[in-house]
Each structure stands twice: as C-alpha cells, then as structure tokens.
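Colleague: Next up is a structure, given as structure tokens.
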Amino acid sequence: MLEISRDLVDQIVRHARADHPDEACGVIAGPAGSGKPNRFIAMINAARSPTFYEFDSADLFTLYKEMDERDEEPVVIYHSHTATEAYPSRTDISLAAEPGAHYVLVSTRQSGQNEGPYEFRSYRIVDGVVTEETVKVI
Amino acid sequence: MAIEVRVPTILRVYTGGQKSVNAEGDTLQAVITNLEVNYPGIGGRLLDDSGLRRFVNVYLNDEDVRFLDGLNTSVGEQDAITILPAVAGG
C-alpha cells in the first residue's frame with residue numbers, strides 16, 4: 001500500500017495536467033527505509049513526448065546525489081500517461097529499475113490540462129512483475 | 001590504482017549489497033572488465049553488443065560519459081564512477 005498526503009497527490013496531478021499532452025515525470029523522496037514520501041521533485045521529461053519519458057541524465061545525477069546526501073531514497077517515481085490508462089506499459093515494466101519504489105501512474109486522458117476526472121494508481125514493479133497496490137491518501 | 005565505483009540498488013545483487021566498490025583500469029572499458037571479474041554478471045547489465053546500454057547512465061565524477069569518450073573515457077585514481085539506471089518509460 002502507498003500512503004501519500006493529499007498535498008503530494010495534488011502536486012503530481014497538477015504537474016501531469018501542466019505538461020499534458022506530453023508525459024510528466026518526477027520523484028517523491030523520503031527518508032531511507034521509511035517508505036514515507038515527503039519531498040516532491042518534479043523532473044523535466046527530456047524526451048518531451050506524449051508516449052515516452054526519461055529524466056535528463058545530468059538532472060538524474062544531481063537528484064541521486066542530493067538524495068544520497070540527505071539519506072533519502074526515491075519512495076515514489078511518478079509519470080503520466082496522456083492518452084491511455086494509468087497502467088504500466090511494456091516499456092515502463094522493462095525499464096523499471098527501482099524495486100523498492102512505488103511506481104505511480106497518473107492518466108490525464110479524460111480531462112487533459114483541465115480540472116476534472118483523472119486516474120491515479122500505484123504499482124510495484126519487480127523483475128518484470130507488476131503488482132498494483134492500494135493508494136491511501138492521508 | 002583503485003577507482004571508486006558507486007553501484008545502484010538494482011545492481012547490488014552482484015556486489016554483495018555494497019553501495020560502492022573499488023575497481024581498476026585506465027579506461028571505463030577496462031574498469032567494467034575488471035568489475036566483471038570480481039562481480040560476475042554485472043558487465044552484462046552495463047554493456048550490450050553495441051556498447052554501453054541505452055538505459056544505463058555512467059558518470060565520471062559528475063559528467064555523463066556519453067559526453068566524454070564513452071567506454072574509451074580515461075579514468076584515474078582521483079576519479080569516481082557512478083552508475084545510475086535511467087528513469088524512463090513509455
């Protein structure tokens with residue numbers, strides 16, 4: 001189960017809407033070993049694409065260096081789908097490289113950049129196996 | 001001459017859980033070859049037939065080696081190498 005604050009959910013959704021129709025991506029870091037997401041870090045989608053996302057390589061280095069210095073880990077790795085459901089694609093599954101993270105998928109396919117219904121789901125992706133989990137907004 | 005190599009979580013299965021290991025070599029290619037000797041299996045996660053895998057980022061200090069000389073990048077004992085899997089998907 002992913003426990004996440006309403007404020008963090010809102011920040012992810014706001015980012016996904018702002019970048020629609022391109023995919024948005026980012027991380028919520030938290031203290032290592034705590035499983036608690038608390039520091040929201042929006043990342044630039046270097047691919048700037050409606051069907052792909054990738055953290056910029058220099059930004060990725062800075063992100064991991066900062067998390068290391070702060071004794072944090074990527075508790076949540078999020079990205080949006082803008083035309084399909086909030087379920088990991090084959091590419092998402094094959095490239096998932098943080099077995100300890102919650103992979104959050106948001107879909108903006110219904111409302112785009114506007115306020116309105118969205119999908120927000122969370123998964124574990126370990127060794128190519130996707131397991132959906134409950135999201136508890138606290 | 002030992003070079004520090006920082007290993008991401010997903011590859012620590014090869015390094016007995018160590019976050020950082022020492023390796024030897026005067027180019028990135030030589031360092032990876034040396035890593036493979038001591039930590040069998042790790043090389044194949046970094047390289048494929050065409051070279052460095054597309055979704056593996058390797059940094060010499062804070063510079064992506066793709067912007068240096070790739071696998072031919074020279075390394076010295078003052079250098080640190082960091083491996084980070086790309087965070088990417090569709």
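No lab work stands behind these numbers, since they all come straight from the coordinates. Please read these numbers as outputs of a predicted model, since none were measured by experiment. Neighbour counts are summed over all protein chains in view; Cβ atoms, including those assigned to glycine, are modelled from backbone coordinates with ideal geometry.
Colleague: Please figure out what share of the DSSP beta bridges in the stretch A:2-137 is antiparallel and state it in percent, rounded to the nearest 5. Before the final figure, lay out the partial values.
Modeller: Working: 23 of 32 bridges.
So the antiparallel bridges in the stretch A:2-137 amount to around 70 percent.
Colleague: Okay, moving on. Any chance you could give the angle, 0 to 90 degrees and rounded to 10, that helix A:57-69 forms with the longest Cα principal axis of chain A?
Modeller: Approximately 40 degrees, to the nearest ten.
Colleague: So which lysines pass the test for A:Lys36, namely a Cα distance under 21 Å, with those fewer than 8 places away in the same chain ruled out?
Modeller: Straight-distance partners of A:Lys36: A:Lys65, A:Lys136.
Colleague: Given +1 on the Cβ of Lys and Arg, -1 on the Cβ of Asp and Glu, and no further charges, what dipole in debye does chain B carry about its Cα centre, rounded to the nearest 20? Write down the numbers at each step before the final one.
Modeller: Numbers: 7 positive and 12 negative charges, 99 e Å.
My answer is approximately 480 debye.
Colleague: Within chain B, which is the longest segment containing none of the trypsin sites (Lys or Arg not before Pro) that sit in a DSSP loop and have at most 14 other Cβ atoms within 10 Å?
Modeller: Value returned for the longest uninterrupted segment is B:55-90.
Colleague: Within 10 Å of each Cβ in peptide A:53-65, how many partner chain Cβ atoms are there on average? Round it to a whole number, please.
Modeller: Across the residues of A:53-65, the mean count of other-chain Cβ atoms within 10 Å is 5.
Colleague: Then there's this: Mind checking the dipole of the stretch A:2-137: about its Cα centre, +1 per Lys or Arg Cβ, -1 per Asp or Glu Cβ, Debye to the nearest 20? Kindly include the intermediate steps, with their values, before the conclusion.
Modeller: Working: 13 positive and 23 negative charges, 67 e Å.
Once rounded to the nearest 20, the dipole reads 320 debye.
Colleague: Could you tell me the convex hull volume per residue, in Å³, taken over the Cα atoms of chain A?
Modeller: Numbers: hull volume 13.2 nm³, N = 138.
Convex hull volume per residue, Cα atoms: 95 Å³.
Colleague: Spin-label point model (7 Å from Cα, Cβ direction): what's the B:Arg12 to A:Lys36 distance in nm?
Modeller: About 2.1 nm separates the two model spin labels.
Colleague: I would also like to ask the following. Quick one: if you stick a label point 7 Å off each Cα along the C-beta vector at B:Asp49 and A:Thr84, how many nm between them?
Modeller: It works out to 2.7 nm between the two label points.
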